[in-house]
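These notes concern the structure reproduced below.
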Amino acid sequence: MSSMRNAVQRRNHKERAQPEERQKWGLLEKRKDYKLRAADHRQKKAKLKILSEKARDRNPDEFSFKMMSSSVDSKGRKVTDRGNEALSMDVVKLLKTQDSAYIRTMLQQVRRERQKFEERLILEEQGEVRALKDDEDGRQGKHRVFVENKEEQEEFDADAWFGEGKSMPTASQPRFPLEWEGDEEEDDDEEEEQRPQKKTLSAKKLKEQEEAAKKMKKFEKTRSRAQSRTAFRLQMVKKKERELVAAEEELEKQRAKMNSSVGGVNKNGVKFKIRERKR
């Protein structure tokens with residue numbers, strides 16, 4: 001009969017939920033939740049009772065010799081030993097050697113990064129950033145120049161050929177050296193004399209000129225933004241390099257002081273010299 005009773009479908013048991021007007025208090029507390037909360041409350045109440053009895057029965061003239069060695073901070077909290085052991089001088093020297101090696105490694109990385117940023121910029125005499133180098137609009141490409149002989153290759157000047165602060169020449173827009181400009185102007189004058197002059201430009205030509213002007217303006221804006229970003233990153237890298245150099249110098253001073261081989265300057269700015277023991 002018990003098996004048949006269990007086989008019959010029963011109505012599912014549903015617990016009462018929190019009423020709508022009490023939804024802000026969260027879920028409705030059940031008896032098992034109340035038992036846990038009540039047990040925790042009784043435990044805390046018993047601890048407070050024991051502590052109050054100890055405080056009430058405490059002797060104000062009580063003395064212990066440990067009071068002589070213990071200390072408290074400004075807020076009355078007891079200061080105890082954390083169990084840290086002091087390192088020997090040899091171990092400290094070894095750790096400082098490892099620190100200096102790490103700082104030198106990081107300094108080399110920062111210097112390489114600084115050189116990479118400086119190569120992307122043309123610096124003025126005052127040290128201010130002027131313009132990006134040629135073809136520095138984000139693309140990495142190559143430009144090949146053909147010369148007549150080896151002497152011309154050795155005397156080749158890239159800045160005079162390509163110019164400074166402008167985009168690299170392309171197949172559609174080639175660029176020639178400065179000394180060729182006079183010849184080109186003469187050729188242009190001859191060609192203009194030979195062909196008839198146009199009175200006005202067509203609408204298609206005007207539209208092409210407007211589009212070219214818009215492209216040039218967009219290119220200048222993009223290059224200016226790239227220049228500002230690179231200059232800011234270069235300043236941050238230089239600041240990091242100065243900090244690492246200062247840290248390396250300070251570490252070297254500490255190692256020298258530990259070896260009693262050199263003097264230094266204290267926090268008040270007074271120079272001092274460590275005296276060596278006479279032999």
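The values are calculated or read from the model by the stated rules, or taken from the named source; none is laboratory data. Nothing here was measured: the structure is a model prediction, and the numbers come from that model. Don't worry about glycine lacking a Cβ; one is built from the backbone with ideal geometry, like all the others, and counts go over all protein chains shown. Heavy atoms of the whole protein, side chains included, go into the accessibility calculation; ligands, DNA and RNA do not. Shrake-Rupley method; radii C 1.70, N 1.55, O 1.52, S 1.80 Å.
Points to keep in mind about this one:
- Within the shell defined by Cβ-Cβ distances under 13 Å, the residues around Glu15 carry a net charge of +3, with Lys and Arg each +1 and Asp and Glu each -1.
- Flagged links, alpha-carbon separation over 30 Å, of Lys78/Lys240; Lys44/Lys75; Lys215/Lys238; Lys93/Lys116; Lys44/Lys78; Lys66/Lys257: Lys78/Lys240; Lys215/Lys238; Lys93/Lys116; Lys66/Lys257
- Spacing of the modelled spin labels on Met258 and Ser71, each 7 Å from Cα toward Cβ, amounts to 2.5 nm.
- Length gained on full extension, His41 to Gln153, computed as 0.36 nm times the residue gap minus the Cα-Cα distance: 31.1 nm.
- For Leu28, distant residues with modelled amide H under 5 Å away: Gln18
- Restriction of the trypsin sites (Lys or Arg not before Pro) in the range 53-88 to DSSP coil positions whose beta-carbon has at most 14 other beta-carbons within 10 angstrom yields Arg58, Lys75, Arg77, Arg82.
- Extension gain, Phe146-Asn84: 0.36 nm per intervening residue step, less the Cα-Cα distance, totals 15.1 nm.
- Share of carbon and sulfur in the accessible heavy-atom surface of the range 1-119 [1.4 Å probe, %]: 52
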